[in-house]
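Everything below concerns the one structure shown next.
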Amino acid sequence: PRHMDSVLDILDALESPARGGSPGTAAALGRGLGVCSTPGCRAVLGEPLGNPERPPALTLGQWQLLTELLHHDPATPELGAVLTPDGSTVALGPLLAGIEAGLRSGGFGRPLPTLDPPADPLLAVTIAEALGTSFLLAQGGDNNATALGPGGCWDDVENPQNYTLRGPPSPVPDPVAIGAMDGTVLGARLAQGPLPVAELLRGYYGTGNGSEAGRPPSSYRRRDFGALAGQGRLEKEVAAVLGLLRTLSPTSELLRDMGTQEVAAVARRAAREFSERYVECPAIVPRCLWGAHPYRGTPALLQLPLSSVFLHHTLEPSQPCRTFGACAHAMRNMQRFHQDTRGWDDIGYSFVLGSDGYLYEGRGWHWVGAHTKGYNTQGFGIGIIGDFTASLPDPDTLALVRDELLPCAVRSGHIRSDFTLRGHRQLGHTDCPGNALFQEIQSWPGFQ
């Protein structure tokens with residue numbers, strides 16, 4: 001299966017000292033297979049060695065999987081992606097490039113070159129080159145060309161084999177953005193001292209299909225990447241890499257007629273849009289990933305932007321979920337209850353929040369929900385998994401709604417800037433969203 005667990009098994013075999021492996025083995029092999037095939041990445045990490053042969057430590061099946069995952073083809077970026085235990089999809093190319101840059105800056109392997117103009121090698125090989133190139137191409141293409149996204153879906157989360165993008169690909173679809181953030185976070189960790197890569201990844205992503213008890217560190221990638229490369233730093237690094245690409249072929253052609261101010265404008269736009277989409281907004285788990293059944297009937301379209309947000313707690317399950325597996329299971333149970341017992345067309349909420357750091361798509365941004373009787377066309381219904389009568393969700397989950405979801409929904413035009421926030425009990429005969437949570441939201445922006 002194209003799951004991070006399969007990659008970890010391969011890394012364990014490659015890094016085993018008993019079989020002649022070391023922490024740098026996987027990164028070197030990855031480059032030989034095509035991980036670092038762009039001009040900027042090669043300028044930083046060097047030219048790859050010739051076509052590598054299958055290491056004796058790997059079975060034929062493992063070698064075929066690795067070759068397929070690491071063969072870089074810009075036309076089919078989805079082929080280099082794997083599903084991780086936290087439910088996110090990660091492109092291995094930028095992840096392994098960041099790991100190699102981190103190992104080398106930490107003194108493991110050949111030293112990294114000094115770049116001219118000066119650029120951070122770690123950000124150059126993970127995100128800065130891909131982002132700068134993507135926005136250059138989008139600017140030079142037709143008006144509908146996008147520079148970021150889309151996301152996609154797996155055929156089966158238990159046994160992922162095929163990942164399909166949900167729209168025309170840009171050079172930075174969601175898995176590449178996520179792989180780049182993870183490569184940056186883990187590369188920075190390795191720069192402090194080498195560690196077996198399999199051990200590092202296992203600790204970061206958790207193990208199994210989300211069966212562990214706690215929230216994995218990978219679910220904090222947006223916060224951790226933002227701390228390392230906020231919008232200002234990212235803009236500076238994209239501009240520096242575009243300066244480097246001016247001197248390299250074939251990218252020098254893309255930049256031939258562009259002045260310094262134009263390059264700076266591309267870097268500013270790239271950093272702003274990337275930060276808004278992947279750092280400041282919460283990640284949304286699409287319906288296809290949590291295993292939603294189809295909508296019954298014909299959904300009605302919302303007239304955006306809406307003026308209200310209604311907060312709920314789910315009551316059942318009463319315990320917060322902290323892993324992708326547990327939250328996806330809760331979503332399927334809720335949908336079954338809403339469709340089969342209540343007789344609704346679909347799960348009632350617009351979005352549901354787990355305590356695993358993710359927002360789960362219910363009716364989503366565009367379809368009328370069944371969450372707040374009499375008011376469903378006026379606002380989005382946000383449910384938080386758990387019973388919050390006597391206790392609150394953890395501070396991270398509260399902050400995700402208050403500081404990320406609501407400002408993001410205003411910026412993206414889904415809710416008005418003067419929106420009102422209310423608890424479900426203010427609009428119907430119910431104790432929802434629980435006494436503790438209702439008390440908490442009274443201090444939030446927009447509460448009426």
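The values are calculated or read from the model by the stated rules, or taken from the named source; none is laboratory data. As the structure is a computational prediction, the values presented were derived from the model and not from experiment. All Cβ positions, even for glycine, are placed from backbone atoms using ideal geometry, and neighbour counts span all protein chains on display. Only protein heavy atoms, including side chains, enter the accessible area calculation; ligands, DNA and RNA are left aside. Shrake-Rupley method; radii C 1.70, N 1.55, O 1.52, S 1.80 Å.
Worth a mention:
- Protection proxy ranking for 189-196, 83-90, 53-60, using the average of other Cβ atoms within 10 Å per residue and placing the highest first: 83-90, 189-196, 53-60.
- Unit charges on C-beta of K, R, D, E only; dipole of region 4-280, Debye: 680
- For region 306-442, the solvent-accessible area works out to 39 Å² per residue, with a probe of 1.4 Å and every protein chain left in place.
- Here's how it looks for residue 367: its modeled amide H is under 5 Å from those of 302, which are all 5 or more places away or on a different chain.
- When the charge dipole of region 4-280 is built from unit charges on Cβ atoms (+1 for Lys and Arg, -1 for Asp and Glu) and taken about the Cα centre, the candidate among 275, 114, 167 whose Cα reaches farthest toward its positive end is 114.
- Amide H contacts of residue 353 (H built 1.01 Å from N, in plane; Pro and chain starts excluded): 360, 383, 384, 385 sit under 5 Å, all sequence-distant by 5 or more or on other chains.
- Amide H contacts under 5 Å for residue 420: 308, 309, restricted to partners 5 or more places along the chain or on a different chain, H placed in the peptide plane at 1.01 Å from N.
- Lacking any other cysteine beta-carbon closer than 4.7 Å, the following Cys residues of the chain have no compatible partner: 432.
- By average C-beta atoms within 10 angstrom, highest first, the peptides 419-428, 391-400, 6-15, 100-109: 100-109, 6-15, 419-428, 391-400
- Per-residue 3J(HN,Hα) values for region 44-58, derived from phi via the Karplus relation 6.51 cos²θ - 1.76 cosθ + 1.60 with θ = phi - 60°, read 7, 9, x, 6, x, 6, x, 4, x, 9, 5, x, x, 5, 9 Hz in sequence order (x marks Gly and Pro).
- Of all DSSP beta bridges in region 306-442, antiparallel share, percent nearest 5: 20
- Zone residues, region 18-58, relative to residue 110, backbone N less than 11 Å from point 7 Å out along Cα-to-Cβ: 43-49
- Estimated vicinal HN-Hα couplings, Hz - region 87-92 in sequence order (Karplus 6.51, -1.76, 1.60; Gly, Pro = x): x, 9, 10, 10, 7, 6
- When the convex hull of its Cα atoms is viewed from all sides, the chain shows a mean projected area of 22.0 nm².
- The residues of region 4-280 expose on average 42 square angstrom of accessible surface per residue, using a 1.4 Å probe on protein heavy atoms.
- Scalar couplings 3J(HN,Hα) for region 243-251, obtained by applying the Karplus form with A = 6.51, B = -1.76, C = 1.60 to θ = phi - 60°, are x, 5, 5, 4, 9, 10, 9, x, 5 Hz; x denotes Gly and Pro.
- The residue list 198, 135, 264 was ranked by how far each Cα lies along the charge dipole of the chain toward its positive end, using unit charges on Cβ atoms, and 264 comes out on top.
- Relative contact order [Cα under 8 Å, 6+ residues apart], the chain, whole percent: 14
- Element breakdown for the chain at a 1.4 angstrom probe: carbon and sulfur atoms account for 52% of the accessible area.
- Applying 0.36 nm per residue to the separation of residue 307 and residue 5 and subtracting their alpha-carbon distance, the gain on full extension is 104.4 nm.
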